[in-house]
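Down below is the structure, laid out as structure tokens.
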Amino acid sequence: MAVTIPVKEFAERRRKLMDRMAPDSIAILPAAPERVRNRDVLHPFRQDSDFQYLTGFGEPEAVLALIPGREHGEAVLFCKERNPEKELWDGFLVGPEGAIERYGFDDAFPIADIDDILPGMIEGRSRVYYPLGKDPAFDNRVMDWLKVIRSKVRSGAHPPGELVALEHLLHDMRLYKSAAEIKVMAKAGQISAEAHCRAMKRARQGGYEYNLEAELIHTFMEHGARSTAYPSIVGGGANGCILHYIENAAPLKDGDLVLVDAGCELECYASDITRTFPVSGKFSPEQKALYEVVLAAQYAAIDAVKPDNHWNQPHEAALRVLTQGLIDLGLLAGTLDDALANESYKPFFMHRTGHWLGLDVHDVGDYKVGDAWRVLEPGMALTVEPGLYIAPDNTDVEPRWRGIGIRIEDDVVVTKEGCRNLTEGVPKTIADIEALMAD
Ligand code: GLY
Ligand code: MN
Ligand code: MN
């Protein structure tokens, strides 16, 4: 089943942003640039997330202008013109007419004409919103358009007085996911869960980490998710203790765990799942003991994802369970309160329990409002990903614990009552993992 964001939702987002903009202002937002990979070869194109959110338009060399109150149309797209000869080589172009018909813009122009047209649209507006400081090349273009207006001051032109970062308005909107966005994210989560199941079933001693990476990509691609949301992490044994391990080239060994952190991107929306399982299909007693602690921490954190709780409560819940677990296993000394106060858990758990999730895997949106943690509200999507990592060279612990790295990560969206887990399609209890791997 194909899921997709309806065209009218993009128009509604533009409307909502314009309603939040100051009167007499203009917002300008460029598409992502194409990037060279190596001679004559480009990286696969990925649209800029903000541009995608407001347009759904997937081409490079495009600029969106939002001009509330403009008589001839408020939502204006500049894009490449249709060109049969170019399209023969590089594929279909939507063109300005197609942009109006198919994407619901009010007005559209060839991108080649932007320097002639856009300064006239900016002129007379008091404030310009744009992604200030994000891309030096685009900053320079905005300055060039302003110079054109300033050069006409003596003929009565009014240059804008304020340049304002667009992010503040836009990123707050992106934090609250619509029903259509949640559908796409749920689909992405479902595909990624299936991919993790496939990797679990196919893990074997003598294979390599990249063999599991291949299984993940197979399932992503099979479902039309042509890209990962971030480079997949497949870390066997002590490689699971390296948080951003992406070499994925070591052999998988019997007796080791393997940590897999991978998610597909679907319609530019990210999924982000981690599972940790034994190469052999059976956990050892030490692996089991640590795994149960991480799993209990993850359940406690997920329980804390509900409206009116604040952003840090899931982290605090996970931290208590992890730290108590380390004390109970003899890996940490002292009382729970002492360990939390002096952060003695940090060598074993050094990252946070989650992040916002959406068009970006580490999605936009403020975590604090002023000095206070943000209160969770329905529609906010986040990951829940506690872990424990016993460094292979940690001589403070008995050798039997060393080199074990475990993380368990799911994607959840806050609902009215609590939260919905978008990635529950892949097992995470020891019994269910062992059963799947034995299958
Ligand atoms: N895979 C990136 C993260 O978990 O934050
Ligand atoms: Mn992850
Ligand atoms: Mn994550």
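Nothing in this text is a laboratory measurement; each read-out follows from the coordinates by a stated rule. On a predicted model such as this, the values are computed, not experimentally measured, just so you know. Methodologically, a virtual Cβ is constructed for each residue, glycine included, from the backbone with ideal geometry; neighbour enumeration extends over all protein chains shown.
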Legend entry - Straight-distance crosslink candidates among aspartates and glutamates, where the alpha carbon sits under 14 Å from LYS152 and sequence neighbours closer than 8 are dropped: ASP116, GLU123, ASP144
Inset, instruction - Just check segment 281-439 against the gyration tensor rule for me: Cα atoms, a ≥ b ≥ c as the square roots of the eigenvalues, rounded for a/c under 1.5, and otherwise prolate or oblate depending on whether a/b exceeds b/c. - result: oblate
Inset, instruction - Highest first, please rank the peptides 99-110, 291-302, 427-438 by the mean number of other Cβ atoms sitting within 10 Å of their residues. - result: 291-302, 99-110, 427-438
Legend entry - Dipole axis of segment 47-173 (+1 Lys, Arg; -1 Asp, Glu on Cβ), positive-most option in ALA99, LEU54, GLY120: GLY120
Inset, instruction - May I ask you to give the average projected area over all directions of the convex hull of the Cα atoms of segment 1-98, in nm² rounded to one decimal? - result: 8.2 nm²
Legend entry - Cα-centre dipole for the chain with unit charges at Cβ (Lys and Arg positive, Asp and Glu negative), debye to 20: 180 debye
Legend entry - Over the chain, relative contact order from alpha-carbon pairs under 8 Å, at least 6 apart, %: 14 percent
Inset, instruction - Would you mind counting up the charge near THR274? Only other residues with Cβ under 9 Å from its Cβ, with Lys and Arg at +1 and Asp and Glu at -1. - result: -3
Inset, instruction - Would you kindly work out the equivalent ellipsoid of the chain from its C-alpha gyration tensor and give its semi-axes, the square roots of five times the eigenvalues, largest first in whole Å? - result: 46, 25, 19
Inset, instruction - Among DSSP beta bridges lying fully in segment 43-175, give the percent that are antiparallel, nearest 5. - result: 35 percent
Inset, instruction - For a footprinting-style exposure proxy, rank LEU93, LEU54 by other Cβ within 10 Å, fewest first. - result: LEU93, LEU54
Legend entry - Charge tally in the Cβ shell below 14 Å around ALA157, where Lys, Arg are +1 and Asp, Glu are -1, ALA157 excluded: +4
Legend entry - Relative contact order (%) - criterion: Cα under 8 Å, at least six apart; region: segment 307-439: 22 percent
Legend entry - Per-bin percent of Cα-Cα distances, segment 187-340 [10 Å]: 11, 32, 34, 19, 3, 0
Inset, instruction - Work out how far the C-alpha atoms of segment 324-406 reach from end to end along every principal axis, then list the three figures in whole Å, largest first. - result: 44, 27, 18
Legend entry - Distance histogram for segment 228-273 (every C-alpha pair counted, 5 angstrom bins, percent rounded to whole numbers): 6, 24, 26, 19, 13, 8, 3, 1
Inset, instruction - Please label the shape of segment 42-110 as rounded, prolate or oblate, based on the square roots a ≥ b ≥ c of the eigenvalues of the alpha-carbon gyration tensor (a/c under 1.5 means rounded; beyond that, a/b larger than b/c means prolate, else oblate). - result: oblate
Inset, instruction - Assuming a ≥ b ≥ c are the square roots of the Cα gyration tensor eigenvalues, decide whether segment 111-169 counts as rounded (a/c under 1.5), prolate (otherwise, with a/b larger than b/c) or oblate. - result: oblate
Inset, instruction - Give the Kirkwood hydrodynamic radius (Å, one decimal) of segment 189-267, defined as one over the mean of 1/r across all pairs of different Cα atoms. - result: 12.4 Å
Legend entry - Cα Rg, Dmax (largest Cα-Cα span) when computed across segment 125-232, Å: 23.8, 77
Inset, instruction - Using the structure shown, list the pairs from LYS306/LYS368; LYS187/LYS282; LYS16/LYS187; LYS306/LYS428; LYS253/LYS282; LYS288/LYS428 with a Cα-Cα distance above 24 Å, or answer none. - result: LYS187/LYS282; LYS16/LYS187
